[in-house]
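Read through the structure below, which is laid out as structure tokens, and then see the notes.
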Amino acid sequence: LRDKYLAAIADAGDEAALEALRVSAVGKKGEISLKMRELGKMTPEERQTAGPKLNALKDEINAALSAKKAALADAALDERLRGEWLDVTLPGRGAARAMGSIHPVSQVMDEVTAIFADMGFAVAEGPQVESDWYNFDALNIPGHHPARAEMDTFYMARAEGDDRPPHVLRTHTSPVQIRTMEAQGAPLRIIAPGRVYRADYDQTHTPMFHQIEGLAIDRDISMANLKWVLEEFFAAFFGLEGIKTRFRASHFPFTEPSAEVDIQCSWVDGQLRIGEGDGWLEVLGSGMVHPKVLQAAKVDPAEWQGFAFGMGIDRIAMLKYGIPDLRAFFDSDLRWLRHYGFSA
Ligand code: PHE
């Protein structure tokens, strides 16, 4: 009996087999247990020799069972450790997952913001769904003004009985001028980057695009300050010292006088060269803030004046990186991003 069980225990391959052995040997109805029950029928002499033998056998089997159980658990742990073994000194297998990257428009926005921050301009923001008061009226564009039609405005639908003022998708970042002057008063120096919307679509226009608004209000700001700030900016942004700018008299309802600003460029073999030659490329609108605009924003025009400008971010990104079609910016095509070095 002893040899049979000890051999079987040694051979047991897993815990289930071991448990079956335990039941058939020392379980309630196990072979050894039954033999112990028979002790009652023996004579006292017989019992005296058989009793201790059986007890010793039971102890030995129990000990063998628990030793084997521990050995099986050890083996299982070893097996798991072998499977999960990790060599932390191995070199990596390279990026298993492609890494994201910052979109070129966001990159340019960050660059522009950093350059103006160096000149003391803080960042301001406003909502993209804007009331027509901030987008138009406060900027001296009353209801009948042709500029409203020219801007290809997206109007927000209004439910029957909705008595909130009409809202639009902002057509430019200029409403942030009003909001910031209202909130902070004068003097101030801010830029406001963000998304703007116009119903327009071709190679150089998308219904959503990006602008950066600039506004500087103080007691004696002039067009000369505007010119200096913009020339500093273009030199820094394109990395071209002494890049020439051209101010062309223009008209915006919210600035007086107004100027559109071009930068020097030329076309060589179908390639655009910034800062060379005798061509010009329009990059922004600007001017001295109209007194009516200051008034609308509760800033006293008798005491304060300033300049404002609005620049197309996508436009200058196209120029800087030589990208011919604006629409590609918003197609989310990774091959395009890689081609222009914007993604790994
Ligand atoms: N808001 C004008 C536009 O979108 C640009 C501009 C801004 C012009 C500030 C003058 C001053 O065309």
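The values are calculated or read from the model by the stated rules, or taken from the named source; none is laboratory data. Fair warning: this is a prediction, and the values are worked out from it, not measured in the lab. Please note: Cβ atoms are built from the backbone with ideal geometry, for glycine as well, and neighbour counts cover all protein chains shown. Each accessible area value is taken on the protein alone, full model and side chains, heavy atoms only, with ligands, DNA and RNA left out. Shrake-Rupley method; radii C 1.70, N 1.55, O 1.52, S 1.80 Å.
Each residue in the range 278-336 was checked for being β-branched (Val, Ile, Thr), within 16 Å of the ligand (Cβ to nearest atom) and either closer than 21 Å to residue 264 by Cα or touching a Lys or Arg at 6+ places or on another chain (Cβ under 6 Å) (or both), and 3 pass.
One line per residue, one yes/no per condition, for (1) of a type outside the set (Lys, Arg); (2) within 15 Å of residue 102 (Cα to Cα):
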position: 290; (1), (2): yes, no
position: 294; (1), (2): yes, no
position: 298; (1), (2): no, no
position: 308; (1), (2): yes, no
position: 324; (1), (2): yes, no
position: 332; (1), (2): yes, yes
position: 337; (1), (2): yes, yes
position: 342; (1), (2): yes, yes
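The selection criterion, being modelled with pLDDT of 85 or more and within 19 Å of the chain's Cα centre (by Cα), does not hold for residue 137. For first residues located in the range 12-40 and closer than 19 Å to residue 56 by Cβ and open to solvent by 40 Å² or more (accessible area, probe 1.4 Å), partners that are among the polar types (S, T, N, Q) and in a helix (DSSP H, G or I) and lie 6+ apart or on another chain with Cβ distances below 9 Å form the pairs 22/62; 31/24; 36/55.
Taken over the range 224-252, the criterion of being among the acidic types (Asp, Glu), within 31 Å of the chain's Cα centre (by Cα) and under 20 Å from residue 266 (Cβ atoms) is satisfied by no residue. Among the residues of the range 253-292, the one identified as open to solvent by 50 Å² or more (accessible area, probe 1.4 Å), in contact (Cβ under 8 Å) with a residue 40 or more places away in the chain and farther than 21 Å from residue 319 by Cα is 292.
There is at least one residue in the range 235-249 that is open to solvent by 40 Å² or more (accessible area, probe 1.4 Å), aliphatic (A, V, I, L, M) and out of contact with any Ser or Thr (no Cβ under 9 Å at 6 or more places or on another chain). For the range 129-139, taking the residues that are within 14 Å of the ligand (Cβ to nearest atom) and outside any helix (DSSP H, G or I), the one that is surrounded by the most Cβ atoms within 10 Å (Cβ to Cβ) is identified as 136.
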